[in-house]
Amino acid sequence: MRVAYDQPPGEAMPNLASRYAPDLLAAAGAFSVATYRHSILPRRLFEAARIAIAAINGCTVCRDWRTGRDSYLLGISAGEGTAGTDPDEDFYRAVLADDFSVLDPREAIAVRFVQRMSNDPQGLAADEPLWTELKAALSDAEIVDLTYCAAGWIGFGRATHVLGVDAACALPGLAEGASVTG
């Protein structure tokens, strides 16, 4: 454990806000929820990008999270958030293993974009061929959406992992009615 934290009964995630920076963590939580509630990206593209970042960050809760299965933990009801079909577990296993053969061309460029954003943001900003390919595949609205979703996943996933908080999360075994937001 990197920092002390409380693990309230019935909560999926440790509650750092009860001890540290409650206003900051509340704002971070609100931004995180907003990515799931308000993204315009198709579900498979959203999940491909999210899980690719989870692989880079090493966050175990991010790797185990399935938006279609787990969004209720954020207070998001069915019909809110991303639209489309939920990927199957083979999809997640493949993306986590850097096997992008399961992705369509839009999903694949989205993954390449978020990987570069995660690992080489300066190079990404200057990579005109990648931007040309991205803009041919996604609308400007989708690119902005993807960029801000990725910013949240990169930052919050890394913070969770670096602080060791992800080790205390248990998404697959959560009881009905548990919450990750506190």
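The table below gives the values:
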{"read-out": "Length gained when the stretch Ala151-Ala125 is fully extended (0.36 nm per residue, less Cα-Cα span)", "value": "7.9 nm"}
{"read-out": "FRET efficiency, 1/(1 + (r/R0)^6) with R0 35 Å, evaluated for Ala136 and Ala21 via beta carbons", "value": "0.25"}
{"read-out": "Euclidean distance of C-alpha centroids, region 88-102 and region 54-70, integer Å", "value": "13"}
{"read-out": "Whole-angstrom Cα spans of region 1-160 along principal axes, big to small", "value": "47, 34, 28"}
{"read-out": "Protection proxy ranking, peptides 78-84, 22-28, 65-71, average beta carbon neighbours within 10 Å, highest first", "value": "65-71, 78-84, 22-28"}
{"read-out": "Region 52-57 - phi-based ³J(HN,Hα) in whole Hz, Karplus 6.51/-1.76/1.60, Gly and Pro as x", "value": "5, 5, 4, 5, 5, 5"}
{"read-out": "log₁₀ of I(q)/I(0) at q = 0.11, 0.16, 0.18 Å⁻¹ - region 56-124, Debye sum with one point per alpha carbon", "value": "-0.33, -0.70, -0.87"}
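FYI, it's all coordinate maths here, none of it is from the lab. All values derive from a computational prediction rather than experimental measurement. Using ideal geometry, Cβ is built from the backbone for each residue, glycine included, and neighbour counts are taken over all protein chains shown.
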